[in-house]
1. Taking amide H positions as placed in the peptide plane 1.01 Å from N, state which residues far from residue 91 in sequence (5 or more) or on other chains have amide H under 5 Å from it.
2. Please identify the longest segment of the chain free of exposed chymotrypsin sites (Phe, Trp or Tyr not before Pro), where exposed means a DSSP state other than H, G, I, E or B and no more than 14 other Cβ atoms within 10 Å.
3. Starting from the exponent 0.38 and prefactor 2.2 Å, build the expected Rg for the range 54-102 from its residue count and divide its actual Cα Rg by it.
4. If you plug each phi of the range 326-331 into the Karplus form 6.51 cos²θ - 1.76 cosθ + 1.60 with θ = phi - 60°, what whole-Hz ³J(HN,Hα) values come out, in order, with x for Gly and Pro?
5. In Å, what Kirkwood hydrodynamic radius results for the range 211-327 from the alpha-carbon pair distances?
6. Using the Cα atoms as the points, what is the convex hull volume per residue of the range 55-206 in Å³?
7. Any idea how far the Cα center of the range 154-173 sits from the one of the range 291-305, in Å?
8. Taking just the alpha-carbon atoms of the chain, what radius of gyration and Dmax come out, in angstrom?
Amino acid sequence: MATMKDISKKANVSIATVSAVVNQSAFVSPELTDRVNKAIEELNYRPNAIARSLKKKSTNTVGVILSDILNPYYPAIVKGMDDVAINNNFSVILCNTSNDKSRFLSYLDVMEEKRVDGLILANISTQEDLLELEKRRLNFVLVNRRPPGYNTSYVGVNNELAIEIAVDHFSSLGYKRIAFIGGNSEISTSKERLNGFVKGMKKNGLQISNSLIFQGEYTQDSGYASVIKMLKEVQVLPEAICASSDLIAFGVIKALREQGIQVPEDIAVMGNDNNHFSGEFLVPLSTINHPTYEMGKLGMEMLLQGISEGANHYPKQIILTPSLVVRESCNFAHREKVITK
């Protein structure tokens, strides 16, 4: 493996000149710079990243911590982050907690050890998690989720509005008896989406039935289980189901179809987030689009700006606007029909 001494000899310059060219730490004439770069290319020299980071006090590396890498909500977010990072000569270390608190804490330790310049986190929902993060004194930006009352660097979508739009659409089609199937009540986004459901129902003059509100996880299995529970407990089924995520909606539709209930002819279903599989599902899913790529892109831009500006950086929050996507799962005018067991 070539060293700076090898480059120095090949280019017939001092080691200090090679160092100045590699680290861009001092002016070197164009002629000498060309000689050094030619020698670097011929000898396939690779600078020592650790040594460079110690000199620059920067690793040009950022960490990204997600809660569930299998959730199709996240790939577009990560793509937005990675595109911005690459364009700014930063590398990304991607970590998946699988909703495990111990893994989250372990990854925070790893980020400190790796001397990352900053972090983007999509899994911070509680003040407890936020305190653990703040202990590290790292630059950070939250995306997707934020604890109640958090008013620093954040990029997310208007979750309340997303579900409110879904209820508005159901109401415009004539549906009145609407169920809500959401995520974990401890997660901030779940609370926001439930609030949006309540707000939308009240705004449209629709009655809210507690027996038609279910909470679980952001998974297909959870959506499926919620429908089976509803079929056992409720005498009169809803005319429509508002799911807190597309994955939940997939499970909802699967369970309904297995029980001989047609979507949308018997019960309409609306998802939330518009993941890549929604348009190709068994029943193409009406949903609410979240600008996820933009969320990741803006989050990384915000982080890199904070790293660059240091103490002069002024934190801000960006809330993106969701939009309605109409497909077959609720694209029929409501028929006067009451389904009982």
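All of the numbers you see were taken from the coordinates with simple rules; none came from a lab. Since this is a predicted model, take the numbers as computed values, not measurements. Here the Cβ positions follow ideal geometry from the backbone for every residue, glycine too, while neighbour counts run over all protein chains shown.
1. So residue 91 has HN proximity to 61, 62.
2. 28-276
3. After normalising by residue count via 2.2 N^0.38 Å, the value is 1.33.
4. Using θ = phi - 60°, the values come out as 9, 10, 6, 5, 8, 9 Hz.
5. 16.0
6. Spelled out: Cα convex hull of the range 55-206, divided by residues, is 125 Å³.
7. 22
8. 25.7, 88
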